[in-house]
């Protein structure tokens, strides 16, 4: 099933918007976590990171997944016709699943502790472990998203056109 070129352009624009939200939001969460103030601002930083996650990262990831699905379904690119598209699908699914089952829960566990303990949360093992895991794996997630974005532009691993065989017929 194919959509007209104007529809493809709109779909691509919406896909890029959602991807930008996902990548930008992931970067935003990392910046907020990396600059969190221990002088009473820890809870605010944790809540800000959580809000960016809830209202930017998650909608961006879901939107990117859904528009990517439509893009593969409705255009000649397909799902597995090209290796770079298949790799992008694997990276996108990894990103959504890892974010849902690991990064999100780690991030969501921070604010309740910092609300209760304030700057003392920095001495709490569970808090620091969740924060460290979220920061490290969040950076890995961001790098993965940037890699997926890069292969979208470069389209590596393309199948090279086969040279046409000379069948002996001359014109």
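In the range 34-51, what count of residues is obtained for those that are surrounded by fewer than 21 Cβ atoms within 10 Å (Cβ to Cβ), touching a residue at least 12 places away in the same chain (Cβ under 8 Å) and part of a helix (DSSP H, G or I)?
Total satisfying the criteria: 6.
Return yes or no: is residue 152 part of a helix (DSSP H, G or I) and at pLDDT 95 or above?
Spelling it out, it is not the case that residue 152 is part of a helix (DSSP H, G or I) and at pLDDT 95 or above.
Across the range 52-80, what is the number of residues that are in a helix (DSSP H, G or I) and over 17 Å from residue 143 (Cβ atoms)?
Of the residues in that region, 19 qualify.
Quick check on the range 75-84. Is at least one of its residues surrounded by 16 or more Cβ atoms within 10 Å (Cβ to Cβ) and either at pLDDT 95 or above or under 28 Å from residue 41 (Cα atoms) (or both)?
Among the residues of the range 75-84, not one is surrounded by 16 or more Cβ atoms within 10 Å (Cβ to Cβ) and either at pLDDT 95 or above or under 28 Å from residue 41 (Cα atoms) (or both), which makes the answer no.
The values are calculated or read from the model by the stated rules, or taken from the named source; none is laboratory data. Please read all numbers here as calculations on a predicted model, not as lab measurements. When we count neighbours, we look across all protein chains shown, and the Cβ atoms used for this are built from the backbone with ideal geometry, even at glycine.
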